[in-house]
Amino acid sequence: MIRIPFLKMHGLGNDFVVIDRRSGPARGLVLDDATIRRISDRRHGVGCDQFILIDPTDDDPIAAGGADAVMRIHNADGGEVGACGNATRCVGALLMDESGLGRATIATISGLLRASRDAEQHEAGTVTVDMGPARLDWRQIPLAAPADTLAVEAVEVGPLKLPVAVNVGNPHAVFFVDNAEAIDLTRWGPMIERHPAFPERTNVEVAHLLGPDRLRMRVWERGAGITAACGTGACATAVAAIRRGLTGRTVEIVLDGGPLVITWTEDDRVLMSGPVATSFEGTLHPSLLA
């Protein structure tokens, strides 16, 4: 029986099962949502926040513009999502290790993402990803009805109100609070995730200022729950803070798993820099794929 190889990787503790379907025994492997949930389960499978598939660019409808590979992202609940910043850094590192170059272009359903690293970053195990422009119009989030995305009045759940809505490949609701540690995300996160204002559900961030250009952030991820880090969430939080006039255009975001550095450039590119790591590699037992 064929055993499918995988990598277990993480960015600041936001962890992934990564399967490369470009060659070898995984080429052409078809996985449904139930199988992805089974593999992602932390008690009965490998366990992960997000499940990542690396696909060849041949005949893939989302592979355009000279991409080196296609990345498809599923949350632990099996649902496919458009972006994951920490996973993009991990896949970018794999592709750059493979090519020996300091850059890689990755096709996703949200568009092309470009990863890069210089010699110093390579030595430190860090990668920078250009996550593209921040989407700020209510239709782009999307919201269920027209609203000012700088303070969405329709969303008020418990102590959380007036979030900044940002889409960085996926939707985010960012709440600025006095103390992010004091917010019960286990209680309020799922309620906001499924709030009727967000027809495609949303990720939820709570953040407070630690100092000039430095924020503490915690996250409830859509389809995954509380995670140690969320790259797109850190990007969304930085953009939200800059829009609110709380910080400059380069911000350190301190997550449960550690810090990410986010820059929102004047030409509307969101750049994220942070570490990547491989925890282990293995093969999936056929029972997980049945």
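The values are calculated or read from the model by the stated rules, or taken from the named source; none is laboratory data. Because the structure is predicted, anything quoted here is derived from the model rather than measured. As a convention, Cβ positions derive from the backbone with ideal geometry for all residues, glycine included, and neighbour counts pool all protein chains shown. Accessible surface is based on the protein model in full, side chains and every heavy atom, while ligands, DNA and RNA are left aside. Shrake-Rupley method; radii C 1.70, N 1.55, O 1.52, S 1.80 Å.
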Subject >> segment 64-125 and segment 221-272: distance between their alpha carbon centers, rounded to Å >> reply: 18 Å
Subject >> the chain: antiparallel DSSP beta bridges as a percent of all, rounded to 5 >> reply: 80 percent
**OP:** Return the FRET efficiency for the residue pair SER279, ASP97: r is the Cβ-Cβ distance, R0 is 22 Å, and the value is rounded to the nearest 0.05.
**Re:** 0.90
Subject >> With at most 14 neighbouring Cβ atoms within 10 Å, loop GluC sites (Glu not before Pro) (DSSP) excluded, longest segment of the chain >> reply: 1-152
Original post:
Can you work out the base-10 log of I(q)/I(0) for the chain at q = 0.06, 0.11, 0.13 1/Å, using the Debye formula on its C-alpha atoms alone?
Top reply: -0.18, -0.60, -0.85
Subject >> Heavy-atom accessible area per residue - the chain, 1.4 Å, Å² >> reply: 42 Å²
**OP:** Determine which residues of segment 237-277 fall in the zone a paramagnetic label at ILE226 would reach in this model, i.e. backbone nitrogen under 19 Å from the point 7 Å along Cα→Cβ.
**Re:** 254-259
Original post:
What is the distance, in nm, between label points placed 7 Å from the Cα along the Cα-to-Cβ direction at ARG249 and at ASP184?
Top reply: 4.2 nm
Original post:
Heavy-atom accessible area of THR283 with all protein chains present, probe 1.4 Å, nearest 10 Å²?
Top reply: 70 Å²
**OP:** State the percentage of accessible surface on the chain attributable to carbon and sulfur atoms; use a 1.4 Å probe and exclude ligands, DNA and RNA.
**Re:** 50 percent
Original post:
Given C-alpha coordinates of segment 146-290, what is the ratio Rg to Rh with the Kirkwood estimate of Rh?
Top reply: 1.01
